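Engineer: Encoded as structure tokens, here's the structure I'll be asking about.
The values are calculated or read from the model by the stated rules, or taken from the named source; none is laboratory data. Note that this is a predicted model, so its numbers are computed, not measured. Cβ placement follows ideal geometry from the backbone for every residue including glycine, while neighbour counts extend to all protein chains displayed. These accessible areas exclude ligands, DNA and RNA; they are computed on the full protein's heavy atoms, side chains included. Shrake-Rupley method; radii C 1.70, N 1.55, O 1.52, S 1.80 Å.
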Amino acid sequence: MRHTEIKRLLSANATCIASIILTTLIPSLFLKNFSVLGTHLIWLCICSASVGMVNIILYLILKPNSSMKRSSVAHKVTKFIRCCVYFFASCILFHGIIVLYGAPLIESVLETFLFAVLLSTFTTLHCLCLLGPNFQVWLRVFSKNGAMSIWDNNLQITTMCSVVGAWLGAFPIPLDWDRPWQVWPISCSLGATFGYVAGLLIAPLWIYWNRKQLTYKSR
């Protein structure tokens, strides 16, 4: 396994982490009384947009798992439209799952949907950038021994950490502490964000530690 590829992955993950940190700092320069807790819905929108744009730009620059085949403009447009459909469907699916896990069905619909968008940005958008709108490839990557590159391993770890972080973030909500971060969906979205950042940090370290044991099949 080439060390240069691990360095590329590390730099990409560091850029994603930096984009999340900046979403808590830069908006306060332009928006009055901005804070992650006080104006949480605004932060959700900014964070989702920032992380999404950074992931897309990094994909266009680094081109991980890129195919040698040249595609036509029509194929690229079709692929882009399918990616948009997949992402929107992911937001709806996450929204439904969150409601099934106890989120308000009618009240706080906007809050729940923006949380679903954030989760989709941390998980589905990353899959779309790396694997494209191919559900069969997604199933292969998330199956046992399905990774074919360190980017696939990185995708597995960050996705799992994001979902687990969101799930753990729900535990403090019913507790009678009367803290502002217990308001729906602040603790869950912060949990997902911390989980995503943890995955970005853990993935390169895990890959480097296990680099001698990792073997990948050819595509």
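Engineer: Do any of K32/K79; K7/K76; K76/K212; K79/K144; K7/K79 go past 31 Å between their Cα atoms, and which? Provide the component values of the computation, followed by the final result.
Structural biologist: On the way: K32/K79 40 Å; K7/K76 29 Å; K76/K212 37 Å; K79/K144 27 Å; K7/K79 29 Å.
Over 31 Å Cα-Cα: K32/K79; K76/K212.
Engineer: Still on this structure, please answer the following. Please identify the DSSP H helices in the chain that span no less than 18 Å along the helix axis (Cα) and have a mean Kyte-Doolittle hydropathy of 1.0 or more. Walk me through the numbers on the way to the answer.
Structural biologist: Numbers: long enough: 3-25 (33 Å, 0.79); 40-62 (32 Å, 2.07); 73-100 (40 Å, 1.53); 109-122 (20 Å, 2.01); 150-169 (28 Å, 0.62); 186-209 (34 Å, 1.42).
Passing helices, by number: 40-62, 73-100, 109-122, 186-209.
Engineer: Of [x] 24.5, 85; [y] 21.3, 76; [z] 18.0, 58, which one was derived for Rg and Dmax of the Cα atoms in Å from the structure shown?
Structural biologist: Matching entry in [x] 24.5, 85; [y] 21.3, 76; [z] 18.0, 58: [z].
Engineer: Over region 69-165, average the accessible area per residue using a 1.4 Å probe and give it in Å², no decimals.
Structural biologist: Values: 5290 Å² over 97 residues.
Heavy-atom accessible area per residue stands at 55 Å².
Engineer: Hey, another quick one. Any idea what the relative contact order of region 1-105 is, in percent, if you count C-alpha pairs under 8 Å spaced at least 6 apart? It would help to have the intermediate numbers written out before the result.
Structural biologist: Values: 26 pairs, mean separation 23.8, N = 105.
Answer for region 1-105 is 23 percent.
Engineer: Here's a follow-up. Ranked highest first by average number of other Cβ atoms within 10 Å, how do 81-93, 134-146 line up?
Structural biologist: By packing density, highest mean first, the sequence is 81-93, 134-146.
Engineer: Between E107 and W209, what is the label-point separation in nm under the 7 Å Cα-to-beta-carbon projection?
Structural biologist: Inter-label distance under the simple model: 4.3 nm.
Engineer: Let me ask you something else. Taking the mean number of other Cβ atoms within 10 Å as a proxy for protection, how do you rank 204-215, 152-163 from highest to lowest? Could you put the intermediate results ahead of the total?
Structural biologist: On the way: 204-215: 13.2, 152-163: 21.5.
Ranking the peptides 204-215, 152-163 by packing returns 152-163, 204-215.
Engineer: Counting only C-alpha contacts under 8 Å and six or more residues apart, can you give the relative contact order of region 141-214 as a whole percent?
Structural biologist: Working: 79 pairs, mean separation 28.5, N = 74.
That works out to 38 percent.
Engineer: Carbon and sulfur together cover what percent of the accessible area of the chain at a 1.4 Å probe radius?
Structural biologist: Details: 9050 of 12890 Å².
After summing per-atom areas, the C and S share lands at 70 percent.
Engineer: In addition: Over the chain, what relative contact order in percent results from Cα pairs under 8 Å that are six or more residues apart? Don't skip to the end; give the middle numbers.
Structural biologist: Working: 214 pairs, mean separation 49.9, N = 219.
Relative contact order here is 23 percent.
Engineer: Give the residue from L37, S108, L58 lying farthest towards the positive end of the charge dipole for the chain; charges sit on Cβ (+1 for Lys and Arg, -1 for Asp and Glu) and the dipole is referred to the Cα centre.
Structural biologist: L58
Engineer: Next question. Using only DSSP helix segments of four residues or longer, with each worth -39500 (n - 2.57), what per-residue ellipticity at 222 nm results for the chain after dividing by its residue count and rounding to 500?
Structural biologist: Values: 9 runs with 151 residues, N = 219.
Helix contribution divided over all residues of the chain: -23000 deg cm²/dmol.
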